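Laboratory data are not the source of any read-out in this text; all were calculated from the coordinates shown. This is a predicted model, so every value here is computed, not measured. Cβ placement follows ideal geometry from the backbone for every residue including glycine, while neighbour counts extend to all protein chains displayed.
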Amino acid sequence: MKTIMTAMPRPLSSGVFIVLLCVFFLVVAKAPAQEDPGGHAQHHPGQTDSSDAEPAGTSPAATQGTAGGGKGGMTGGKGGMGGGGMGKGMKGPKGPSSPEELYPKLMTLPSLTLERRDELGRQANQRMLDGTALLSAGFDDLSAATGREDFQRMQDATARLREGLMQFESGLAAHRAIAEGKAPRNIALQWFQRELDLLPLVTEDHSFSLWGMKPFHTITMLLLAAFMIVMIWMYIFKMRRAAELLQRLSAGGESIAGEGSAPAQPVSAVAASNSLWTDSGKPKKWSGKLRMAGIFQETSDVKTFRMVEADGGALPFTYLPGQFLTLTVEPDGKAVKRSYTIASSPTQRDYLEITVKREEKGLVSRHLHDAFKAGDMLEVSVPAGALTFTGKESDGIVLIAAGVGITPIMSVARYLTDRCWEGEIYVLFVCRTVEDIIFRDEFERLAQKYPTLKLHITLTRADDQWTGPTGRLSKESISEFVPNIAGRRIHICGPNVMMDATKELLIGLGVPKDQIKTEAFGPAKKAAPKAAPEGAAAESASQTAGAANVTFRASDKAAPLPADQSVLDVADELGIDIENSCREGSCGMCKITLLEGEVSMDCEDALEPEEKSDGVILACQAMSKGNIVVDA
């Protein structure tokens, strides 16, 4: 090693040395790795090759006149350890530092004599010296060429550096094989493989494989496939759930009560909760307290009352568009119940609104307008009513209202437009003056935003500033506004006089009676007793003893049931509380069960077929000439 160290070049400045060292490693890292087929066959003597072609070329170092040409190995080519064993194409010019037989000798090292080992050691030492000299000369040339920016000489210098390094490494490999006593064949093959950039030898793997994959890769792919299958299944499952929920949200009853079919299906996001709906698809009854959140003035005598869940959050019930609720208030310290149509849409899950007109003789309406304020609690029972429409009953709807009867019409209109229902919506609204048009701004905005909604407002007491239609509805105004009126489904809400007159007009236009749905509104009123003819008082008194009786089993009371009075009339006289609202047979609030006997009813629109078969009757309509027993 002393001889090697004396052959090293003179020291360079630190800056130049760092630059040259970086260039050196860059060049060595990017050195090409090629081998000609002929040379490959020659250094594997046990194999034959039919190709005698010479290599396509040699590395730049082969033209430098160095001891080993090519990449700087022990002979020629890219740096092999023995010229004779590497093939003619890899040889460089022969010289004193080019022992051509070094590689074959190293391969047969275990069989060499001690003298041959010494000779091999001297040859390896000489190659290290030659490599050191090439490195020194290469550094000098590279330093000089860098200063002159002579790129060609810089390239030649780097080739010489590469050649010198390979010369030194080949000699070092031989010394290692001799000194360490390791298998020289393996050391030589590893060095040869590294210098020619050959891939590691791959031995045949007889372990389990699937489609050419290792067990680890197979397991990984199977896990990924299983994960993908699970994700696809979850996606399909969620889409089915979403489709079912959407179907339930968009589904409505085939018809309203009285038509012999089930009521509307769930229509809001809470439809997913079975606790809000009965098995037949109707909203469940709910009673409790709601908090007054806000009060809005609609007209001079009409206000909207917005109620929310007492503790915040979504409403604990749902309803269908067009249904009503019943309030229990105590204006004079005594509980009084009144029913009001819900004006808001079931799509609004955080609040509920009723719109109430202040009646001078209305006990509850005056109390709501004059006494209630935001933050007050209200006792509510909800929902009820059969004048509903969800869009499933027909592909179009005609909504006719007068005065405050617009509230169920507005609920339906809001619901259908919230859901962007594609059917046609015709709204005919009769008011007295411009100041009496409830929801005017909202209706006009909906008509402008949704082309499917057509609005017709007519005034019976219009002033000179009104440019729209005037007067009451007529056959001409209805047929002109609504084409093909005879084939339309129609809902009417308003005073009884108005509804009766409108029904006659529609029947005259060819609309079937079963396509016309009505609902009276206003406070519950006891039907006025019919005046007895003069001179009939004694006859009435004599017949009272033989009149039919009605027994209220739950209340344990009984009383005569005159032929001209309903069960509800008798219950009022006895102080038996039966919820009621319209007393017209359309709201369904006064439903009770007939346990014994038979009754007749002029109107039973609020009863469904299954209720009739179960003995449910409307107390406001039930009359009988025989004894009956009811569950009330």
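Tell me, what ³J(HN,Hα) does each residue in region 565-575 have, in order and in whole Hz, if you take phi through Karplus 6.51 cos²θ - 1.76 cosθ + 1.60 with θ = phi - 60° and put x for Gly and Pro?
10, 8, 4, 5, 4, 5, 4, 4, 5, 8, x
With equal scatterers on the alpha carbons only and no solvent term, can you work out the Debye log10 of I(q)/I(0) for region 299-432 at 0.16, 0.22 1/Å?
So the normalised log intensities are -0.86, -1.41.
What is the fewest-to-most order of Arg445, Arg419 by other Cβ atoms lying within 10 Å of their Cβ?
Arg445, Arg419
When each pair of different Cα atoms in region 543-631 is counted once in the 1/r mean, what is the Kirkwood radius in angstroms, to one decimal?
Kirkwood radius, region 543-631: 12.8 Å.
Enumerate the calculated ³J(HN,Hα) couplings along region 411-421 in order (Karplus 6.51 cos²θ - 1.76 cosθ + 1.60, θ = phi - 60°), each rounded to whole Hz, writing x wherever the residue is Gly or Pro.
4, 5, 4, 5, 5, 5, 6, 4, 8, 6, 4
Would you mind checking which residues have amide H under 5 Å from Thr518's amide H? H placed 1.01 Å from N; only 5 or more apart, or other chain.
HN-HN under 5 Å from Thr518: Ile492.
Just list whichever of Lys303/Lys612; Lys289/Lys357; Lys454/Lys591; Lys285/Lys454; Lys557/Lys612; Lys334/Lys612 have alpha carbons separated by over 28 Å in the model shown.
Lys303/Lys612; Lys454/Lys591; Lys285/Lys454; Lys334/Lys612
Going from the alpha-carbon gyration tensor of region 373-529, what semi-axes, largest first and in whole Å, does one get by taking the root of 5 times each eigenvalue?
After scaling each eigenvalue by five and taking roots: 23, 20, 20 Å.
Under a 5 Å amide H to amide H cut-off, with H placed in plane at 1.01 Å, what residues pair with Ser555 once short-range neighbours are removed?
The list, which skips near neighbours in sequence, is Ala632.
Please work out the ratio of the alpha-carbon Rg of region 269-519 to 2.2 N^0.38 Å and round it to two decimals.
1.02
Using DSSP, restrict attention to beta bridges with both residues in region 269-519 and report what percent are antiparallel, rounded to the nearest 5.
60
Which ³J(HN,Hα) values in Hz, rounded to whole numbers, follow from the phi angles of region 229-240 under the Karplus curve 6.51 cos²θ - 1.76 cosθ + 1.60, where θ = phi - 60° and Gly and Pro get x?
5, 4, 5, 5, 4, 5, 5, 5, 4, 5, 5, 5
Calculated FRET efficiency, Val497 and Asp279, Cβ-Cβ r, R0 60 Å, to nearest 0.05?
0.90
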